[in-house]
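The values are calculated or read from the model by the stated rules, or taken from the named source; none is laboratory data. These numbers were taken from a predicted model, which means no experiment stands behind them. Cβ: placed from backbone, ideal geometry, glycine included. Neighbour counts: every protein chain shown. Heads up: the accessible areas ignore ligands, DNA and RNA and are worked out on the full protein's heavy atoms, side chains in. Shrake-Rupley method; radii C 1.70, N 1.55, O 1.52, S 1.80 Å.
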Amino acid sequence: MLDTIGAVIVKISDWFKNIQVQQFLSVVAIGFILLTTDVAPDRASKATIDKLDRMVHQEDPQRPKTTKEWQDQAREVKGKPGERLERIGEQSADAVKEFGQMYPDVAKRSANELEKNIDNN
């Protein structure tokens, strides 16, 4: 029995040793932000909800962004597999195109930061 408890304690301590401090702090920070941000629909003001809605839809107003929009679209194409596949294809192409436009900038900034880190070491 003591061997089992000891083995469990060793596994837990090994697990804690493997967790990196940055990952832990990231999770704590995100949790803090989520718990302290007042954006829940039942507590948020109409102005806040409208502002968030505008921010979400500024890129491509045609592609669904919220769960409600996805559900509405699913109801529209229910029983129409051809139309559903067509929309999935269009939206996937749009998403890949959007990611493709964003990727070079992210890669360039990452490379610059890597060079700075190498130069500092």
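Lys and Arg at +1, Asp and Glu at -1: add these up for the other residues within a Cβ distance under 14 Å of Glu115 and post the number.
+1
Ignoring ligands, DNA and RNA, how do Ile33, Ile49 rank by accessible area with a 1.4 Å probe, largest first?
Per-residue accessible area, sorted high to low, gives Ile33, Ile49.
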